[in-house]
1. With only alpha-carbon pairs counted, each pair once and no self-pairs, how large is the Kirkwood hydrodynamic radius of the stretch 203-290 in angstroms?
2. With +1 on the Cβ of every Lys and Arg and -1 on the Cβ of every Asp and Glu, and nothing else charged, how large is the dipole of the stretch 414-530 about its Cα centre, in debye rounded to the nearest 20?
3. For 376, 205, what ranking results if the residue with the fewest other Cβ atoms within 10 Å of its Cβ goes first?
4. Which Rg and Dmax, in Å, describe the Cα atoms of the stretch 484-641?
5. Could you compute how fast the stretch 633-710 diffuses translationally, taking Rh as the Kirkwood radius over C-alpha pairs and applying Stokes-Einstein at 4 °C with viscosity 1.567 mPa s? Give it in µm² per second.
6. Sorted from fewest to most neighbouring beta carbons within 10 Å, what does the list 348, 526, 177 look like?
7. From the backbone phi of the stretch 416-429, what are the Karplus-calculated ³J(HN,Hα) couplings (6.51 cos²θ - 1.76 cosθ + 1.60, θ = phi - 60°) in whole Hz, Gly and Pro given as x?
8. Kindly write out, for the stretch 206-211 in residue order, the coupling ³J(HN,Hα) from the Karplus curve 6.51 cos²θ - 1.76 cosθ + 1.60 (θ = phi - 60°), rounded to whole Hz, with x marking Gly and Pro.
Amino acid sequence: MDCAEEVMTLRRELQPLLPTETRLTFDVMARLMLIDGPSIETPRILEAISRTGLRGELVTERESTRESAQDVSGRGLAVATASSGLATALGFCLHVRIAGVSAAIGGEGAGVLSAVPSQSIWLYAIAITCGVIPVLRKAWFAATRLRPDMNLLMTLAVAGAVVIGEWFEAATVSFLFASSLALEGWSIGRARRAVAALLDLSPPTARVRTGSREESQPVEEIPVGTLVLVHPGERVPLDGVVELGTSSVDQAPITGESVPVTKQAGAEVFAGSINGEGALEIRTARASGDTTLAKIIRMVRDSQARRAKSERWVDRFAAMYTPAVLCIALAMMLIPPLAGLGTWSEWFYRSLVLLVIACPCALVISTPVAMVSGLTAAARAGVLIKGGEFLEAPSTLRAIAFDKTGTITAGRLSVVSVVPLSGHTETELLLRAIALEMRSEHPLAKAIVAHGHTLGLTSEPASDVRMLAGKGVTGRIDGREFWIGSHRHLEERGQETPEVHAQLESMTRQGRSVVVVGNSEHACGFIGLVDTPRPAAKATLDRLRALGVGHLVMLTGDNRGTADAVNQGLRFDEVHAELLPEDKVAAVKDLMARYGAVAMVGDGVNDAPALATASMSIAMGAAGSDAAIETADVALMGDDLSRLPWLIEHSRRVKALIQQNIGLSLATKAIFLVLALTGRANLWTAIAADMGTSLVVILNAMRLLRTRAD
């Protein structure tokens, strides 16, 4: 199974045999047909597949069985093609030696006028048999079902050429058509290997540490929570968290990041990434089937079922085009000679030429190869696209809505101001805050502790620490009670003065999150934190505007002051603050009503409804929630906003390339249609032109595999 036409044939034959609730899907890249439903009668399914001219087998060991089946079918077609070519060449040389070059090349009606030597006929017959055997059953199936396809067109053309004595041209058509099938299989195979290369990113085994012992185990057998050792230069076997060691890790295969990232205790690592100069001990966080790499592989494979508009258009066109060509060829064969405009053999030959050049092979293959190449190139660049339709969609975007926290900003707070009060110093204030927040997982707490560590400040954790839900934390430091909390908690304690209130309101208006530190007597001071825009945010927005995405909007649940502070220098066209999840959905719907094609970019669980509402949804994949990634059509695996304009440019490249391929295919058909009508084309030049067109559109599409993210 190498093309969409075979998929349509299988679907038409098998769907009536399956229960209505059964789901039938196809993975052309893996040559797999997946049937999901009750009461599946395997022998009946295999028999139905056999009727179409294809061969099926039940897959049990998915990877090994699939590869062996591909190797056998590919070798068989290669042998048949080579045999056909060799027999054609030998027959032609013998024909030239006996009858001369002009007689061997032939032409319109030459087979009727001059006999072909019997020795050459035998060689030509061998060439025809080798070239036609791979498609004969498919052609018979198409004829009996009255659903003409390219296999039937070629078989009729070859048979017709033999009938009128054009043995050389029949042999040449057989060889070139077999070559085009082999070429199609090669192109799909190369794209398939590009996807399968992702499988090689993750090592099959890992070093498991148990006490002081190390042993190698298959990654499929390693449970979550196991400690594994990764030496310098090795690939990380499973997703996990660093327990011990420091090293730079190349995450480019997963996230597309071009620069290695420093990893130390507590940092997350991905299966398939490459360890640098230091040894790492990693506590596994996911099983082998649930790693980020495994999800990428599944999504790239599954994306083949989500077909683009261009692919669906080509399929519909080919379904109408092939029967129409047969009717035109029949009319060309009958009407002119009946009208006295030429001989029967002359117009019969021209109708055969029309059948050959009308073969929609180049047209049908041009779009799927481009889509697979485009999806694979995007995955290599750290942009995971879940289907061909989502590869085309970015080219038409006119507006994009962005979540703020974790998307426009990194979602990591940093301390920007420390304001001591009541005679305290900055150091005292930070030491008390660190002691209270030492064991907290809250983002504000982590930011304060990290800031203290950068200043070289350390403190013993506070004792008797208690959480105040929605307000803060209390604890004892050196026997005295201290607390850390929000502005509202300060007000509730009755410790706020008008001067302190004014300062806190001023910091809030500047977009800062403020925490207050105090004791039972007074406020000791407050600490201001901000979540700054990602370094690439402004350049990304500027590039998007340059690409014609004219309306950029920021959506956030934060207060207006924080939103306006983040927007300084970014120049969003609209900023909507203090939004609940349902408010984000309403904002996206409003944008769609005004601009049509709208994308939503987000990372959190609260973004999932808005992502599902937008024309196209894009998730920040590395730090984004599983809900956002599962909902989104596209995931930016490196959390790199600069990939967003790259995605739009890549989408436009793919779309332009598909249009080029379709245009070239149709133009070639039109030119040779005219040549066939006027008697200026013969069978072997027609099939050579069709094969040449197939080669050009395939190579043109596969240029996308060389695409790199800049």
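Read-outs: derived from the displayed coordinates by stated rules, not from any lab. Everything quoted here is computed from the prediction, not taken from an experiment. Using ideal geometry, Cβ is built from the backbone for each residue, glycine included, and neighbour counts are taken over all protein chains shown.
1. Values: mean 1/r = 0.0796 Å⁻¹.
By the Kirkwood definition, the hydrodynamic radius is 12.6 Å.
2. Once rounded to the nearest 20, the dipole reads 300 debye.
3. Least to most surrounded, the residues fall as 205, 376.
4. Rg, Dmax (Cα atoms, Å): 18.6, 59.
5. Diffusion coefficient, whole number: 86 µm²/s.
6. Fewest-to-most ranking of 348, 526, 177: 348, 526, 177.
7. Result, rounded to whole Hz: 10, 8, 10, 10, x, 10, 6, x, 7, 9, 4, 5, 4, 4.
8. 9, 7, 9, 9, 10, x
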